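The values are calculated or read from the model by the stated rules, or taken from the named source; none is laboratory data. Quick caveat: nothing in here was measured; it's all calculated off a predicted structure. No Cβ is skipped: glycine too gets one built from the backbone with ideal geometry, and neighbour counts run over all protein chains shown.
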Amino acid sequence: MDLHTAVVERARVEGNLVLVDEFLNHRVEPGVIASVGRSLAEAFSDLSPDLILTAEASGIPPAMACSHTMGIPMVYAKKYLGTGDRYSFAREVTSPTKGVEYRVEVARRVLPPGLRLIIVDDFLARGRTAEALGEIATEAGCELLGFGFAIEKCWQGGRERLERHGWKVHSVVELESIEGSTVTIR
């Protein structure tokens, strides 16, 4: 089953959330995640990235599937509540789903300058976590080739946030809207 079919047939809507936790980001269906990896790898294969960067935890499955398909390593930014004294690149982010502020951090030793990388995550909504990862990549001296997302909530402005930086954005499934319990896909 590919992601588009899974979203149409199995996604649940609760308020303004589209829940895909039964096949993408809690329980992970191998066929669905493999199709995401193939789609993202195809979108970025002509750019020849060296590395994929993502955020824990929900970004790990699509990033791993993409890295496996492309045959390149993956690094995930760790999330911490509060501050710390670690030798890392870090940014503060507020979670729109959980309403808490946390730090995304990448150890400097795993993100050396000069790498060509893409950032992959499960969802693009407002784009703050993705933007923070983009800022981290730039601060590290890496060449950011673009962003790949499994699912994008098009009405929440995340794509525009990232494109203002001049960053390329690709989403496997673009959600146009939520009306009641129905999701409309572009």
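Return the residue satisfying two criteria in turn: it lies in segment 3-35 and is under 15 Å from Gly180 (Cβ atoms) and more than 17 Å from the chain's Cα centre (by Cα), and of such residues it is surrounded by the most Cβ atoms within 10 Å (Cβ to Cβ). Talk me through it step by step, then tell me what you get.
The initial filter retains those residues of segment 3-35 that are under 15 Å from Gly180 (Cβ atoms), namely 11-19.
Adding the requirement that they be more than 17 Å from the chain's Cα centre (by Cα) leaves 11-16.
On the way: Ala11: 23, Arg12: 12, Val13: 14, Glu14: 9, Gly15: 7, Asn16: 12.
Applying the filter and picking the extreme gives Ala11.
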So which of Ala125, Ala140 ends up being free of Cβ contacts under 8 Å to residues at least 60 places away in the same chain and surrounded by fewer than 22 Cβ atoms within 10 Å (Cβ to Cβ)? Ala140
Selection from segment 137-158 of residues that are farther than 22 Å from Arg116 by Cβ and more than 12 Å from the chain's Cα centre (by Cα): Lys153, Cys154, Trp155, Gln156, Gly157
Looking at Gly71 and the list (1) loosely packed, with under 13 Cβ neighbours inside 10 Å; (2) modelled with pLDDT under 95; (3) farther than 17 Å from Gly134 by Cβ, which single condition is not satisfied? (2)
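Would you mention how many residues in segment 36-48 are in contact (Cβ under 8 Å) with a residue 40 or more places away in the chain, farther than 21 Å from Glu176 by Cβ and in contact with a helix residue (DSSP H, G or I) (Cβ under 8 Å, 6 or more places away or on another chain)? Show your work before the answer.
Filtering segment 36-48 for residues in contact (Cβ under 8 Å) with a residue 40 or more places away in the chain gives 36, 39-40, 43-44, 47-48.
Next, only the ones that are farther than 21 Å from Glu176 by Cβ stay: 44, 47-48.
With the extra rule that they be in contact with a helix residue (DSSP H, G or I) (Cβ under 8 Å, 6 or more places away or on another chain), the set shrinks to 44.
Counting residues in segment 36-48 that are in contact (Cβ under 8 Å) with a residue 40 or more places away in the chain, farther than 21 Å from Glu176 by Cβ and in contact with a helix residue (DSSP H, G or I) (Cβ under 8 Å, 6 or more places away or on another chain) gives 1.
Give segment 152-173 a look and list any residue that's touching a strand residue (DSSP E or B) at 6+ places or on another chain (Cβ under 7 Å) and either in a helix (DSSP H, G or I) or surrounded by fewer than 15 Cβ atoms within 10 Å (Cβ to Cβ) (or both), or say none.
Cys154, Trp155, Gly158, Arg159, Leu162, Glu163
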Which one of these does Phe149 not meet: (1) assigned to a loop (DSSP other than H, G, I, E, B); (2) modelled with pLDDT of 95 or more? (1)
Within segment 44-58, can you find the residues that are closer than 19 Å to Arg116 by Cα and either in contact with a Leu (Cβ under 9 Å, 6 or more places away or on another chain) or crowded, with 18+ Cβ neighbours inside 10 Å (or both)? Phe44, Leu47, Ser48, Pro49, Asp50, Leu51, Ile52, Leu53, Thr54, Ala55
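Could you count how many residues in segment 1-33 are aliphatic (A, V, I, L, M) and at pLDDT 95 or above? First the steps, then the outcome.
Looking only at segment 1-33, we keep the residues that are aliphatic (A, V, I, L, M), and these are 1, 3, 6-8, 11, 13, 17-20, 24, 28, 32-33.
Narrowing further to those that are at pLDDT 95 or above: 32-33.
The number of residues fulfilling the criteria is 2.
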